[in-house]
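Read-outs throughout are calculated quantities, based only on the coordinates presented, and are distinct from any laboratory measurement. From a predicted model like this one, the values you see are computed outputs, not experimental measurements. Using ideal geometry, Cβ is built from the backbone for each residue, glycine included, and neighbour counts are taken over all protein chains shown.
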Amino acid sequence: MKHYTKYLFGLGLAGSLQLVSCSTQHTNDNTMTTTQQEVERTPADVHSYAKPSEAIAKDLDLDIAVDFDNKIISGKATYQIENLTKTDKIVFDTRDLQIEKVYLGDNQEQTTFNLGEKNKFLGQPLTITIKPETKSLTIVYKTSPQAAALQWLSPQQTAGKKYPFLFTQSQAILARTWIPIQDSPGIRITFSARVKVPKELIAVMSAENPQEKNSAGEYKFYMRQPIPSYLMALSVGDLKFKAIGDQTGIYAEPATLETAVYEFAEMDKMLVAAEKIYGKYRWDRYDLLVLPPSFPFGGMENPRLTFVTPTVLAKDRSLTSLIAHELAHSWSGNLVTNATWNDFWLNEGFTVYFERRIMEELYGKEYADMLNVLGYQDLQATIEELGKDSEGTHLKLDLEGRDPDDGLNDIAYEKGNAFLQNIEQAVGRERFDEFVNKYFQTFAFQSTNTERFLEFLRTELIKGDEQLAEKINIEGWVFTAGLPEEHKKPTSTRFAQVEQTYTSWKNGTPAAKLNTKDWSSHEWLHFIRMLPEKMSKEQMNDLDKAFNFTNSGNSEILAAWFLHAIHNNYITADKALETFLTNVGRRKFLLPIYKALMATPEGKKRALAIYAKARPNYHAVSTVTLDELVK
Ligand code: BES
Ligand code: ZN
């Protein structure tokens, strides 16, 4: 806590930084309680109704039951609160929740509450009447079967086909659809939970987890480190656990477990590499939960238990940078958290930077370079799509009035990463590592925003060096559209070889004669992305015969190849494409494919027909976007 006052007041309370004022006056660190410090650091969040500067929830005890028949979670949320301004109200976020009763304190005194006006994505504020001396309250509630965070899968939608499955996805603002909560990344809580599930199933959370089923179907959880609400997570299914190292392991359906154990065998090494770069892992265990294919993301960094798509099970460990990414969030995101969704790049930009460092440590610079080039291609495509003068391409966003879910894109990830790589270049790796280490230590278990990070950058790294300030070019990277002119385009020697191979194919060498020896899925992806938009049937056949793209077991290769198949009316891939779209719910793959289909009248017909069949397999996070696209 030492550095706190310095950074808070170092800002001069200026600019766009909004600090919530505190009830008690103070003069220095020593006179402040922890709570006052945290609250003062909470900037206004336009995506939450909570007023943490007045009354803040600090600890949650959940007591819930999971009802698969009715697709409902019901129970109680008991909060320990701090009434900072002795107000008569505390506000929580809710969306599609049924609030049955609210009690104050241990003697269960019923109190009044009000659910405010509905907003499509923000939901409704739940305002509860409290007393100046109220220390705890209990909300009795039920979720709706449509709760956007929850996906209820039938046995048919799982790998084992025997038992139903449930998982949550709380980021960005969906925690409020399954728990009444102060749903802002600027607010942290500790939690415990008691979860009742059908006896054949096991429950796991973003917390200390059981490793075996018990006969009662009742599980207890503790998360002793304070976390933001978007990291609240629960999954229930027929799961088995297998250890990888002492501190790491994998939960998956029995049918998937061995494949996953092979695929992610290196997760322990990743943890060692990460700690070497940014210091001790602060969450005790690091486990993975492999979900059914409808999981809408590649991965989700739920603390202690990353949720991961089975589409990275390529059987050759070639897509594991995703694990490095989610692990990296244990520092960037989970330990030091973006205070609002406008500061999302602080979570994702740092995480991509760190992910590439972990991969470099494990597999060398040439490997990390490939990831950088592919990321840069994604970045350029996104800038092109949004427009190079668009404010959506700033690192610091303004998402007021918008669903954060559709304002968050590759910019935060890849432009954020490019900015940090640019700083590393300017000061050298050693100095940059020291700086980032200090950043994580200083802001550990706190939320921070762009302005506060930049202030830290100025005082700890730039230190008045004008030449350096010019090289780092904060304004150009953070508050300006597109990419600064001087940005360095990443290159890759392994891709240079791919480019040669590609040229030789383009000049007439048959695909079967090309030199593709030892290519990883990254090289293949680069090759496929380079293929011309228009290809003849012969060319498509030639490639597919030699490399069997249509039946690839690698989801990245498939998704990239299908775009060519659509553009070139390559009907050989029709069936595989349909199977892919009906099984996989990962939004990153679905969007470009459906978009490509929607571009022609015949394609549109196919898209609508496939979507009608596939939609029940997708999570709400994917359908929200796809419903707008496929119509
Ligand atoms: N935290 C994100 C996923 C996310 C972002 C969910 C915003 C909801 C809103 C996660 O860490 C992530 O970035 N996942 C990526 C994988 C990564 C390797 C780029 C994904 O799911 O594709
Ligand atoms: Zn991420």
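Backbone phi angles across the range 220-232, fed through the Karplus curve with coefficients 6.51, -1.76 and 1.60 (θ = phi - 60°), yield HN-Hα couplings of 10, 9, 9, 10, 8, 8, x, 10, x, 4, 5, 9, 6 Hz in residue order; Gly and Pro are listed as x.
Please label the shape of the chain as rounded, prolate or oblate, based on the square roots a ≥ b ≥ c of the eigenvalues of the alpha-carbon gyration tensor (a/c under 1.5 means rounded; beyond that, a/b larger than b/c means prolate, else oblate). Cα axes put the chain in the oblate bin.
Roughly what % of DSSP beta bridges within the chain run antiparallel, to the nearest 5?
Numbers: 62 of 81 bridges.
Of the beta bridges lying entirely in the chain, close to 75 percent run antiparallel.
Among residues other than residue 491 whose Cβ falls under 13 Å from its Cβ, what is the net charge (Lys/Arg +1, Asp/Glu -1)? Can you show the working numbers first?
Details: positive: 365, 488, 489, 494; negative: 366, 369, 499.
Summing Lys and Arg as +1 and Asp and Glu as -1 gives +1.
Order 438-449, 103-114, 566-577 from most to least packed using the mean count of other Cβ atoms within 10 Å. Could the numbers behind the result be given before it?
Values: 438-449: 18.8, 103-114: 13.1, 566-577: 17.1.
Packing order, densest peptide first, comes out as 438-449, 566-577, 103-114.
Between the range 467-540 and the range 610-631, the alpha-carbon centres lie 31 Å apart. Projecting the Cα atoms of 145, 164, 210 onto the charge dipole of the range 119-259 (Cβ charges, centred on the Cα centre) puts 145 farthest toward the positive pole. Only one residue of 493, 325, 115 has its Cα farthest out toward the positive end of the dipole of the chain, where Lys and Arg carry +1 and Asp and Glu -1 on Cβ, and that residue is 115. Computed over neighbours whose Cβ is under 14 Å from that of residue 100, the net charge equals +2, Lys and Arg +1, Asp and Glu -1. Considering helices alone, the calculated mean residue ellipticity of the chain at 222 nm is -11000 deg cm²/dmol, with DSSP H runs of length four and up weighted by -39500 (n - 2.57) and normalised per residue. Partner lysines whose Cα lies under 18 Å from the Cα of residue 605, excluding those fewer than 8 positions away in the same chain, are identified as 575, 595, 613, 631. Run the dipole for the range 187-234 about the Cα centre, Lys and Arg Cβ at +1, Asp and Glu Cβ at -1, nothing else charged, and hand back the magnitude in debye, nearest 20. I would put it at about 140 debye.
For the chain, the longest principal axis of the Cα atoms and the long axis of helix 555-567 meet at an angle of about 60 degrees. Against the chain, whose longest principal axis is taken from its Cα atoms, helix 620-629 shows a tilt of about 60°. Using a Förster radius of 41 Å, what is the FRET efficiency between residue 602 and residue 144 based on their Cβ-Cβ separation? Nearest 0.05, please. That gives a FRET efficiency of 0.60. In the chain, Cα pairs under 8 Å separated by at least six residues give a relative contact order of 11 percent. Partner lysines whose Cα lies under 27 Å from the Cα of residue 240, excluding those fewer than 8 positions away in the same chain, are identified as 71, 161, 162, 196, 199, 213, 220, 269, 315. Subtracting the Cα-Cα distance of residue 59 and residue 114 from 0.36 nm times their residue separation leaves 17.6 nm of extension gain.
In the chain, the longest principal axis of the Cα atoms and the axis of helix 267-278 are about 60 degrees apart. Note on residue 471: lysines with a C-alpha under 18 Å away, same-chain residues under 8 apart excluded, are 415, 463, 488, 489. For residue 161 and residue 85, the difference between the fully extended length at 0.36 nm per residue and the C-alpha to C-alpha distance is 22.0 nm.
Each DSSP beta bridge with both residues in the range 52-237 is either parallel or antiparallel, and the antiparallel ones are about 90%. For residue 275 and residue 458, the difference between the fully extended length at 0.36 nm per residue and the C-alpha to C-alpha distance is 63.3 nm.
Could you sort the peptides 291-299, 85-93 by per-residue average Cβ neighbour count (10 Å cutoff), highest mean leading? Write out the running numbers ahead of the final one.
Numbers: 291-299: 23.4, 85-93: 19.1.
Ranking, from highest mean packing down: 291-299, 85-93.
Using only side-chain charges placed at the Cβ, +1 for Lys and Arg and -1 for Asp and Glu, the dipole size of the chain relative to its Cα centre rounds to 1160 debye.
Would you mind counting up the charge near residue 175? Only other residues with Cβ under 15 Å from its Cβ, with Lys and Arg at +1 and Asp and Glu at -1.
On the way: positive: 95, 176, 188; negative: 45, 93, 96, 183, 301, 403, 405.
So the surrounding residues net to -4.
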